[in-house]
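The values are calculated or read from the model by the stated rules, or taken from the named source; none is laboratory data. Since we're looking at a predicted model, the values are computed, not measured. Reconstructed Cβ throughout: ideal geometry from the backbone, glycine too, with neighbour counts over all protein chains shown. For accessibility, only protein heavy atoms count, side chains too; no ligands or nucleic acids. Shrake-Rupley method; radii C 1.70, N 1.55, O 1.52, S 1.80 Å.
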Amino acid sequence: MKLDTTNIRLPGNLPPVIGTWFWWEKEFEAQGYRAFIDHAAKHSPFNILTTSIRAPKELTDPAVIEHIRQAAVYARERGIGLAMDLDARLARSSFMEKYPNELQEMLRITEIKLHSTQRTKVSINPISLEDHYTVDNTPYVAMSGSLIRVYSYIKGSSGIKAGSVCDITDNCEIEEESQLCVSVSLPESESEKEVAACVMAAFAHFTPDVFAPHLLEFQRDILDMYKHIPLAGACKDEWGFPPCFNGWPEKNNFWFSRYRAEAYHKITGGRDLVRDCLLMYAGEEGRQGEREMAINQFMQMAWQRNGEIEADFYDAVKQTWGPSALVCTHPTWWPVPDSHEIMKNGLHWWVAKRDYAQTDEITPHCVRTALAKKWGSPLWYNMFYSSNKYDYARELWSNCLAGGRVNYHPVFPLPDGISPDSEQVDILQGRLMRAESRIRMLNFITKAPLDCPVAVVFGHACAMNWAGPGYDDVGLKLAEELWKAGYPADLIPTDEIDSGSLKLGEDGCVRYGAQAYSTLIIYHPEYQGNSLADFINRASTGKTKLFYNGFWTKDFSGNRFDASRALSGLQALPDDLTEAARMVADYQRSAGVEQQTPSVDTQNAVWFKYAAPPVKGHCRLLDGTHVFVSAENDPEGDPIIETISIGGHQIDIDTIGLSAVKLDADGNVLAVAAGGLKLLSGGGLDIRLEDRVDIALWKDEQDNMHAAIQGLYGEIPDSLAEITTDWTILSLPEV
């Protein structure tokens, strides 16, 4: 059979290959977008470029809109779609001009001792915050400052003395209220006891308020400005409050606004957010449960509102460009679900809707796989960058063993002063894109994510409550220890039970999307209530083995809660999480759950240690596809010459880098994807080739065989042509 058509990119009905593109001033020059598009079209298999502006430009500028239109048209001519970053933070001046009273405020608390013989002066300065949206742009600087309230009180050993809080705002003299400083003079203490005071000042920052009443309308208005442009989709990247790089251990800064205060007043039955910020910050004798309730409500507001904004953006993109438009990039900012991310968005990752699960940097694999289950993704994408070119190949092959792909940060053009011979090279021009092309053959044969037999379900409220027993702990260590034992675990917040996403299936198994769990671990359920107890009681009668770890003595409102009825049917895990993971792994083995290649501690050149699959091993996808990879020595893959066993059936293979096989109950091949295939014998197929090719074969529901091939020049060999007449032909990007 003669090859009569070639295409460098995957068909549009398959999960795409995604790259990242940032626009600096050079891209805004006349036809300045062409260089990167031409380069990517020639040297990469990218279908989609997630594209974001880094130059000091506004999305609402007509000249910017027209330049993006020209780029999108040109990219489509080269076979690439642009998914443009249309986040409201790239139009902050426009938002402020239109809604000057809807900027994000930070309430800052400073505590001092009052003098008994003279007035006390307190000055509070704002924090100037930055992130990737402000690299070549204005940071999230303060635009104004104002005094909100001043309280005096007597401090005790366990917080503020009961009944000692007084509002002394009217007795204070404001000396300055500006974007640079709020300065106030406090009165003398009238008490013989040592009296403290806290000054609460709010600074409005140069970014939209998360609770702004016009924010959803504004982000839809931006999309409407671009609806005439043939974009492949749009991006919302690392959404949330401005970043907090230390997690605010003192808990004396609160993301605040009059609109958030109004929402808090409503959901709490009339409570005053400003007064509760003092309670959340300092604690008060006899009000511990009330303090815990206030923190729970405050933090729940954060993830729910940020999730609402993400969901509305998703819906608006579909309404603007149609159901096939992609909503891209990641809701994750800080790559670990800890206090940094808690203060950024309340860990809203599991409600930030995407077409394909999206993460970045070293987001834990237990999160990547969980998000794939939540959104029904056949795979997940992790946006990745490094100054070391070898990290990219490791990330690519490791991701493949966890059911994922890379959204590439290309380094092109090379930064000034960087030699082409350095480690920081143009990753598009080299063997990495050949390796990506090899792995993309999997996209033809499977629409299923990694099979993770364990779920670690962490108490969302408990992890975010700094007054409770489990702050800043989502069970990540336990989940990663299970990955290192060869039993991948999904990490899921308890709120997914209330939403109905994590549920008891008709088959008696706890399920999250397509995933049925052999084992479920309830981790630190403090502040949960009857809904979790009811779920546990129902699930304990099913097929999923239930464990738990951590206290559960209070409900969401901070009231005493008797969890003994719910926990009586669960097996307790030890506090030593390594030992706890060993206990769960032992149960998996006894239950006959097949072990997958264990993850290993990985040192990233940019960040720190985390657990990830190695670059040689095997995994199992939810549809029964078994994937084998080997790339320890060559970025394009090492030889895989062996007899593999799947369900007791033997298959002989000779491939490079990648072998993936799915069999039916009788051992017949339903699907194969292979890199550099030379031999595949077994399961009803006997393929022997003189020249290696990357190939995918799969049967449809009518038992008809289809095929895709790349890297073959000339005619399809007879041994392949006789398998099917339906061939998709792919060419490889230039090295």
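Remarks
- Less than 5 angstrom separates the built amide H of G156 from those of K161, all sequence-distant by 5 or more or on a different chain.
- Residue-wise HN-Hα coupling along the stretch 548-557, computed from phi with Karplus coefficients 6.51, -1.76, 1.60 (Hz; x: Gly, Pro): 8, 8, x, 6, 8, 10, 9, 9, 4, 7
- Rounded Å value of the spacing that divides the Cα centres of the stretch 277-317 and the stretch 15-77: 38
- Estimated FRET transfer efficiency (A30, D726; beta-carbon r; R0 51 Å; 0.05): 0.70
- Positive dipole terminus of the chain, leading residue within T725, N399, P187 (C-beta point charges): P187
- Each listed q (0.14, 0.19 Å⁻¹) maps to a log10 I(q)/I(0) for the stretch 174-271, found by the Debye formula over equal Cα scatterers with no solvent: -0.86, -1.21.
- For N407, nonlocal amide neighbours, meaning residues 5 or more places apart or on other chains whose placed amide H falls under 5 Å from its own, are N382, M383, F384.
- The chain: calculated mean residue ellipticity at 222 nm from DSSP helix runs of at least 4, using -39500 (n - 2.57): -7500 deg cm²/dmol
- Residue among M343, M293, T329 farthest towards the positive dipole end of the stretch 278-349, charges placed on Cβ: T329
- Normalised size of the stretch 259-383, defined as Cα radius of gyration per 2.2 N^0.38 Å with N residues, equals 1.26.
- Solvent-accessible surface ranking, highest first, for F95, F444 at 1.4 angstrom: F444, F95
- Distance from the stretch 154-181 to the stretch 624-694 (C-alpha centre basis), Å: 70
- Near R89: Cβ cut-off under 10 Å, other residues only, Lys/Arg at +1 and Asp/Glu at -1. The net charge is -3.
- Taking all protein chains as they are arranged and a probe of 1.4 Å, the heavy atoms of S719 leave approximately 30 Å² accessible to solvent.
- Accessible area per residue was computed with a 1.4 Å probe on protein heavy atoms; K389 scores about 80 Å².
- Cross-linked pairs K26/K98; K26/K318; K484/K543; K42/K389: Cα-Cα separations exceed 26 Å for K26/K98; K26/K318.
- Distances between placed amide hydrogens fall under 5 Å for V600 paired with A612, all partners being 5 or more residues away or on another chain.
- Structure-derived Rg/Rh (Cα atoms, Kirkwood Rh) - corresponding label in [x] 0.99; [y] 1.04; [z] 1.01: [z]
- For the stretch 501-611, the calculated P(r), taken from all Cα-Cα distances in 5 Å bins from zero up to the bin holding the longest distance, is 2, 10, 17, 19, 19, 14, 9, 6, 3, 0 percent.
- Compared with the alpha-carbon gap, the fully stretched path from D575 to A311 is longer by 91.3 nm at 0.36 nm per residue.
- Student exercise, the stretch 34-123 dipole from Lys, Arg, Asp, Glu Cβ charges, in Debye to nearest 20: 340
- Of the Cα atoms belonging to the stretch 52-159, the radius of gyration and Dmax stand at 22.5, 77 Å.
- Span from the the stretch 508-574 Cα centroid across to the the stretch 424-456 one, whole angstrom: 35
- Between R582 and T117, the FRET efficiency from the beta-carbon distance, with R0 = 56 Å, is close to 0.30.
- Two-site FRET efficiency, E77 against K266, from Cβ-Cβ distance with R₀ of 45 Å, rounded to 0.05: 0.30
- Each Lys and Arg Cβ is given +1 and each Asp and Glu Cβ -1; about its Cα centre, the chain then shows a dipole of about 740 debye.
- In loop segments of the stretch 210-280 as defined by DSSP, the trypsin sites (Lys or Arg not before Pro) with at most 12 further C-beta atoms inside 10 Å of their C-beta are K227.
- Cα→Cβ-extended label distance, 7 Å offset, between Q319 and R589, nm: 5.5
- Rolling a 1.4 Å probe across all protein chains gives I65 an accessible area of roughly 20 Å².
- Relative contact order %, the chain, counting alpha carbon pairs below 8 Å whose residues are six or more apart: 12
- When all protein chains stay in place and ligands, DNA and RNA are ignored, the 1.4 Å accessible-area order of R620, R108, R78, largest first, is R78, R108, R620.
- Based on the convex hull around the alpha carbon atoms, the stretch 622-735 presents an average projected area of 7.7 nm².
- Among the GluC sites (Glu not before Pro) within the stretch 25-89, those in coil by DSSP and having at most 12 neighbouring Cβ atoms inside 10 Å are E29.
- Per-atom-type breakdown for the stretch 246-330 gives carbon and sulfur 47% of the accessible area (1.4 Å probe, protein chains only).
- For the stretch 595-735, a simple Cβ point-charge model (Lys and Arg +1, Asp and Glu -1, everything else neutral) yields a dipole of about 580 debye relative to the Cα centre.
- Shown in residue order for the stretch 651-660 are the 3J(HN,Hα) couplings computed by the Karplus curve 6.51 cos²θ - 1.76 cosθ + 1.60 at θ = phi - 60°: 10, 8, 9, 9, 9, 10, x, 9, 9, 9 Hz (x for Gly and Pro).
- 1.4 Å probe accessible area per residue over the stretch 423-564, in Å²: 31
- Computed label-point distance, nm, for sites F245 and D686 using a 7 Å Cα→Cβ extension: 6.5
- Using θ = phi - 60° in the Karplus curve 6.51 cos²θ - 1.76 cosθ + 1.60, the 3J(HN,Hα) couplings for the stretch 290-296 round to 5, 4, 4, 4, 4, 5, 4 Hz; x is entered for Gly and Pro.
- Rg to Rh quotient for the stretch 288-349, alpha carbon positions, Kirkwood Rh: 1.13
- Think of the chain as having a plus end and a minus end, set by charges on the Cβ of Lys, Arg, Asp and Glu; of L223, L679, G486, G486 sits farthest toward the positive end of this dipole.
- Where the stretch 126-179 is the region considered: accessible area per residue in Å², 1.4 Å probe: 51
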